[in-house]
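Just so it is clear, none of the values below were taken in a lab; they were calculated from the coordinates. For clarity, every value in this text was computed on a predicted model and none was experimentally measured. We place every Cβ from the backbone using ideal geometry, glycine too, and count neighbours over all the protein chains shown.
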Amino acid sequence: MADQRAQYTEEAVGAGHPTKADVVNRLALVEHNTDGTHKAVQPWVDKTDSRALGTVYQNTSGRDICLAVSVQGAAAAQLSAQLLAGASNPPTVQVGRFVVRVNADAGVNHIGALFASVGVGHYYKAVDGFGTATLEKWSESPAGS
């Protein structure tokens, strides 16, 4: 986004002028409505149906995004997953990881979650560490929302 601050070359004009742009309130209005309330933020979006472990995706949203990925594994198995991100495809920078090496109680699956932010244009993927994980939930939201 371009710099929205009033510049020294601009005339200090407030709201309601019949022919000139509102320079005084421009910066505040980037994230607020004219009555001072916050503009609607982008919510977390459930992407589970369109995402898979081991597949590379690219952030083409035009702004940084936040990821929340949870995986589950059988009670009798170890569970591991990691998030990779970076400017190259495939991404190689580990931005999140967890490992569960103990068995869960009978009938109770392991569940682990990973969180990260991904820069504009960068690639990202979630990887199953031991071959025992299944995707439970994958959500994304613009950073700062």
For the stretch 45-142, what Kirkwood radius comes out of the mean inverse Cα-Cα distance, in Å?
13.6 Å
Based on the Kirkwood radius over alpha-carbon pairs, what is the Stokes-Einstein translational diffusion coefficient of the stretch 51-96 at 10 °C with 1.306 mPa s viscosity, in µm²/s?
126 µm²/s
Modelled label-to-label distance, S61 and D22, 7 Å Cα→beta-carbon offset: nm?
2.7 nm
Highest-first arrangement of 61-73, 88-100, 5-17, where packing means the average Cβ count within 10 Å
61-73, 88-100, 5-17
